[in-house]
Structures are given as C-alpha cells and as structure tokens.
Amino acid sequence: DAPKFVSIVVDKAGQIFLNDQVTSLVQLTDSLAKTAQNSKDTEVQLRADEAVPYGKVVEVMGVAQKAGLNRIGFVAEPKSAK
C-alpha cells in the first residue's frame with residue numbers, strides 16, 4: 001500500500017484548500033476526522049503562503065491533530081529569483 005496523504009493549502013487570502021478543494025475550517029475538521037477514522041497513518045502535507053499569519057497555520061495544524069492525524073509535514077516553495 002502506498003502511503004496516504006492529504007494536502008492542505010492556506011493561500012495568502014487565508015482560504016483553506018483540502019486536496020485542491022476550497023473548504024472551511026468546520027468542513028476541514030469533519031473531513032480530517034473521517035480521514036483519521038479510515039487511517040491514522042495518513043500524512044498531512046501543509047503548505048501556507050508566507051503572508052499567512054502564523055496563528056492561522058497553527059490553527060490548521062491543531063485541527064489535524066485533534067482529528068488524530070499527527071504526521072504533519074510542511075511543504076515549502078523555493079523562493080523564486082526576482
């Protein structure tokens with residue numbers, strides 16, 4: 001079995017995307033709880049725009065942890081040369 005993961009993105013406007021679908025914090029909570037019921041080993045890959053306040057990132061991480069998903073990885077975008 002290939003390792004399972006979910007992708008969460010927080011864009012610079014603060015919008016949350018779960019696997020490329022816009023979602024709310026409430027919907028994210030429900031979705032991650034269902035994911036955790038199916039597989040606690042699911043990895044959360046979290047990407048946040050650098051303009052997103054740190055507190056928002058922590059809030060999203062907390063939702064994943066409350067759902068029972070503790071494998072959280074950060075995905076960083078390399079800075080583009082300007």
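The conditions of being out of contact with any Pro (no Cβ under 7 Å at 6 or more places or on another chain) and over 13 Å from Ala64 (Cβ atoms) are not met by Asp30. Would it be correct to say that Gln15 is among the polar types (S, T, N, Q), open to solvent by 80 Å² or more (accessible area, probe 1.4 Å) and modelled with pLDDT of 95 or more? Answer is yes for this residue. Just so you know, in region 34-46 the residues that are within 13 Å of the chain's Cα centre (by Cα) and open to solvent by 10 Å² or more (accessible area, probe 1.4 Å) include one that is nearest to Phe5 (Cα to Cα), and it is Glu43. Quick one: Ala51 ticks every box in (1) open to solvent by 60 Å² or more (accessible area, probe 1.4 Å); (2) aliphatic (A, V, I, L, M); (3) modelled with pLDDT of 95 or more bar one, so which box is it? Of everything listed in (1) open to solvent by 60 Å² or more (accessible area, probe 1.4 Å); (2) aliphatic (A, V, I, L, M); (3) modelled with pLDDT of 95 or more, Ala51 misses just condition (3). Does Thr35 meet the test of being of a type in the set (S, T, N, Q), touching a residue at least 24 places away in the same chain (Cβ under 8 Å) and in contact with a strand residue (DSSP E or B) (Cβ under 7 Å, 6 or more places away or on another chain)? Yes.
The values are calculated or read from the model by the stated rules, or taken from the named source; none is laboratory data. The shown structure was predicted, so the numbers you read here are calculated from the model rather than taken from an experiment. FYI the Cβ positions are ideal-geometry reconstructions off the backbone, even for glycines, and counts take in every protein chain you see. These accessible areas exclude ligands, DNA and RNA; they are computed on the full protein's heavy atoms, side chains included. Shrake-Rupley method; radii C 1.70, N 1.55, O 1.52, S 1.80 Å.
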